[in-house]
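Encoded as structure tokens, the structure appears first; notes follow it.
The values are calculated or read from the model by the stated rules, or taken from the named source; none is laboratory data. Keep in mind the model is a prediction, meaning the values are calculated, not measured. When we count neighbours, we look across all protein chains shown, and the Cβ atoms used for this are built from the backbone with ideal geometry, even at glycine. To get the accessible areas, we keep the full protein, side chains included, count just its heavy atoms, and leave off ligands, DNA and RNA. Shrake-Rupley method; radii C 1.70, N 1.55, O 1.52, S 1.80 Å.
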Amino acid sequence: MPEIKFFPETHVAFVSEIGPYQQSIQRGFKKLFDWFSAHHIHPVGESLAIFYDDPAKVAAENLRCDLCAPVGSHVTGSDEVRTKEIGGWQVATTVYQGDANAAGAYDELYRWLREQGYHEADAPIEKYLSKLGEE
């Protein structure tokens, strides 16, 4: 069941990718975690993906996303890895398991938002509760 929660302001390191989301997610997280390893940096929370485009409206090769992980406030980026602050807002949340369930979870969340009198205000963010490659 969806619910409203506070998403705290979070300092993240991230890689921007363009292309089909499944490929971009794998490619971007590999770049990010390789960079972490090379710079001896450890994330301080679960990985996140920010999806800027709706795949029903934008061609797969043009889909934009940022693949992120929370890091300490002292971390700055280099090369393809940058840092930014995200969060500090109220968000609608839901939990789902597996890629096959993503579309249904998004549909349920957006339907619930409308029923509550809300609407989407920004790009969806997914927080991954499992390790990369796990469902």
> In the set 100, 105, 121, which member is assigned to a loop (DSSP other than H, G, I, E, B) and over 14 Å from the mean Cα position of the chain (by Cα)?
Replying inline: 121
> Does residue 29 fit the bill of being open to solvent by less than 30 Å² (accessible area, probe 1.4 Å) and at pLDDT 95 or above?
Replying inline: yes
> Before we move on, is residue 71 of a type in the set (Val, Ile, Thr) and without any contact (Cβ under 8 Å) to a residue 60 or more places away in the chain?
Replying inline: no
>> So in region 95-115, with the set limited to residues that are in contact (Cβ under 8 Å) with a residue 24 or more places away in the chain and open to solvent by 60 Å² or more (accessible area, probe 1.4 Å), which one is farthest from residue 12 (Cα to Cα)?
In response: 108
> Does residue 80 qualify as being open to solvent by 90 Å² or more (accessible area, probe 1.4 Å), closer than 22 Å to residue 32 by Cα, in contact with a Lys or Arg (Cβ under 7 Å, 6 or more places away or on another chain) and not aliphatic (A, V, I, L, M)?
Replying inline: yes
>> All but one of (1) open to solvent by 50 Å² or more (accessible area, probe 1.4 Å); (2) at pLDDT below 95 hold for residue 38; state the number of the condition that does not hold.
In response: (2)
>> When you check residue 31 against the structure, is it in contact with an Asp or Glu (Cβ under 8 Å, 6 or more places away or on another chain), of a type in the set (Lys, Arg) and touching a residue at least 12 places away in the same chain (Cβ under 8 Å), yes or no?
In response: yes
> Has region 46-67 got at least one residue that is touching a His at 6+ places or on another chain (Cβ under 9 Å), surrounded by 12 or more Cβ atoms within 10 Å (Cβ to Cβ) and touching a residue at least 40 places away in the same chain (Cβ under 8 Å)?
Replying inline: no
>> I need a count of the residues in region 83-94 that are modelled with pLDDT of 95 or more and open to solvent by 90 Å² or more (accessible area, probe 1.4 Å).
In response: 1
> Quick check: anything in region 66-86 assigned to a helix (DSSP H, G or I) and farther than 22 Å from residue 9 by Cβ?
Replying inline: no
